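Read the figures in this text as sums done on the coordinates, not as results from a lab. Everything quoted here is computed from the prediction, not taken from an experiment. Cβ sites come from the backbone with ideal geometry, for glycine too, and all protein chains shown count toward neighbours.
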Amino acid sequence: MDFTFILDIFYLKTLLQGLLITLMLALIAVLFGTLIAIIPTYLRLSRHKILNIIGSGYVELIRGTPLLVQVMLIYAFVQLPVMTFLGVDFGAFLLGMFALIINSSAYASETFRAGILSVDKGQTEAALSLGMSKASTMRHIIMPQAIKNIMPALGNEFVTLIKETSIFMYLGIAELMYSAQIVKTATYQTKEVYIVTAIMYLALTFTTSKLMLKLEMRMRQQDAK
Amino acid sequence: MLNKLFEIKNLYKKFNDQTTALNHVNLDIYAGITIIIGPSGSGKSTLLRVLNLIETPNQGEIIYNGENINTKNFNVNKHRKDVGMVFQSFNLFPHLTTLENLNVAQMKVLKIDKMSATNKSKFYLDKVDLLDKQDQYPNKLSGGQKQRIAIARALCMEPKVILFDEPTSALDPEMIGEVLSVMKKLALLGMHMVIVTHEMQFAKTIANQVVFMDKGEVIAVGSPTEIFENPKEDRLKSFLNRVEKS
């Protein structure tokens, strides 16, 4: 095995840039995904049957199909017509990002729902019995307790997203997997390049997991006071 | 005769699992202390919980202050400010200190600033003898202390009535006394209370009106003497027999 390509500044730079873009993609996806997730969460916890079905349908549809299929569908449905009729190129990046955010929102919404439902019903009853509104109860009583269950799961979701970004390779976005292709094609060190790529992904996910664990511990400590 | 607090007419409640909790209940709850007794599953907790609409009945009327509260456009939050509640499992907010537990609804519902809320909270904490626990989180408190704080939390909203849902059932025997004595103190101060309890001795000494329920129906209503000393209904008699033996 020959790992000397790492010492080449050009290849190293290509890979590190890929790593950085991977991290950025995952960060943007988890951030906006979490924000958008509020909508399906609200729908799913609603007492209206139709809203409920819409929320559950959204989550089930996205969790039940592969991300790659979602990206390709969005690409096919949006990119080609828009290009043909409006002459605007959204670019693979925006569309891919859009798909990843939608995907992340479905998983985050499931996390939110589970976190909120894990808070004892008595808490809601006590807050309501004091005359607090439903919104106020959610904000001041339920969410501060639910967040302790939500944060660790959201951390896991972030780790998953880091790995999922590899599908952007198909869209020609220079994330880590795409960079690996470039280096592989130039050096012909197929096994070595993929080993290095795997280690780079691992470094990112491992660090994230450790950071999340620390955060979790800190929240537990707060709980124990 | 004293004023009526609640007039309950033909109240019916069926749960999703098809059990009938309240089977066309008619009952007047008067000012003062009303105690609701009955075997478990008799619907007494449900009856209490519909009085502040934590549970919504399927049918029937609950008249409070001349207004039927079981209607769509009724202002529930305003009603709940008037009608406080104390739960079997305390339901203190675990992420807040004692003082914050008492402050939160005052600030969010009554829109009182933090200073005045804290002053009022301390006043009521003192009433339940727990001023020294103001900065503790609930998980550091005993069951009896938690329940006394839950009572203080309800008092902070200055309600007209407080509903007690088996307030001592989750407590160790040695802590029951401290909670009951706080409730007796409240009774002496003239607070109106509706209490679901298994503490018969307490019921005898404190109640103005006793309600006996079984299988979702009100079987007997009367003074403590009428209910405990001269029970007429067979179901009431057998219930009292069973309770006394245990």
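Of all beta bridges DSSP finds with both residues in the protein assembly as shown, what is the antiparallel percent, to the nearest 5? Write down the numbers at each step before the final one.
Values: 19 of 36 bridges.
Given both bridge residues lie in the protein assembly as shown, the antiparallel proportion sits at roughly 55 percent.
Near B:K4, which aspartates and glutamates are there with a Cα under 13 Å away, not counting those fewer than 8 places off in the same chain? B:K4 reaches B:D28, B:E67. For chain A, the equivalent ellipsoid derived from the Cα gyration tensor has semi-axes of 39, 25, 12 Å, listed largest first.
For the pair B:N10 and B:S223, label points projected 7 Å from Cα toward Cβ lie 3.3 nm apart.
When the listed pairs A:K49/A:K121; B:K133/B:K237; B:K13/B:K160; B:K13/B:K114; B:K13/B:K237; B:K13/B:K111 are checked against a 32 Å cut-off, the alpha-carbon distance exceeds it for B:K133/B:K237; B:K13/B:K114; B:K13/B:K111. Binning the alpha carbon pair distances of chain B at 10 angstrom intervals from zero yields the distribution 7, 31, 35, 21, 5, 0, expressed in whole percent.
Note that the range B:108-113 has calculated 3J(HN,Hα) couplings of 7, 9, 7, 6, 8, 6 Hz, one per residue in order, obtained from phi through the Karplus relation 6.51 cos²θ - 1.76 cosθ + 1.60 (θ = phi - 60°); glycine and proline are x. Taking one quarter of the surface of the C-alpha convex hull of the protein assembly as shown gives a mean projected area of 31.0 nm². By how many degrees, 0 to 90 and rounded to 10, does the Cα axis of helix B:143-156 deviate from the longest principal axis of chain B? Helix B:143-156 sits at roughly 80 degrees to that axis.
Provide the packing ranking of B:101-114, B:40-53, i.e. peptides ordered by the mean count of other C-beta atoms within 10 Å per residue, highest first.
The most tightly packed comes first, giving B:40-53, B:101-114.
Within a straight-line Cα-Cα reach of under 17 Å, B:K204 can be paired with the following aspartates and glutamates, leaving aside sequence neighbours fewer than 8 residues apart in one chain: B:E166, B:E226, B:E229, B:E244. Helices that extend 24 Å or more along their long axis by alpha-carbon positions and average at least 1.6 on the Kyte-Doolittle scale are, among the DSSP H runs of chain A, A:9-45. For peptide B:91-98, the mean count of partner chain Cβ atoms within 10 Å of a residue's Cβ comes to 5.
Phi-derived couplings, Karplus 6.51 cos²θ - 1.76 cosθ + 1.60 at θ = phi - 60°, listed residue by residue for the range B:116-131: 5, 4, 4, 4, 5, 4, 5, 4, 6, 4, 5, 4, 9, 6, 10, 4 Hz, with x used for Gly and Pro. Proximity of backbone amide H atoms, modeled 1.01 Å from N, is registered between B:I36 and B:I195, B:V196, B:T197, B:V211 at under 5 Å, excluding neighbours fewer than 5 places apart on the same chain. What are the aspartates and glutamates whose alpha-carbon lies under 14 Å from the alpha-carbon of A:K148, with same-chain residues fewer than 8 places away excluded? Reachable aspartates and glutamates: A:D120, A:E216, A:D223. Close amide H partners of B:K14, meaning residues 5 or more places away or on another chain with modelled amide H under 5 Å apart, are B:A21, B:N58.
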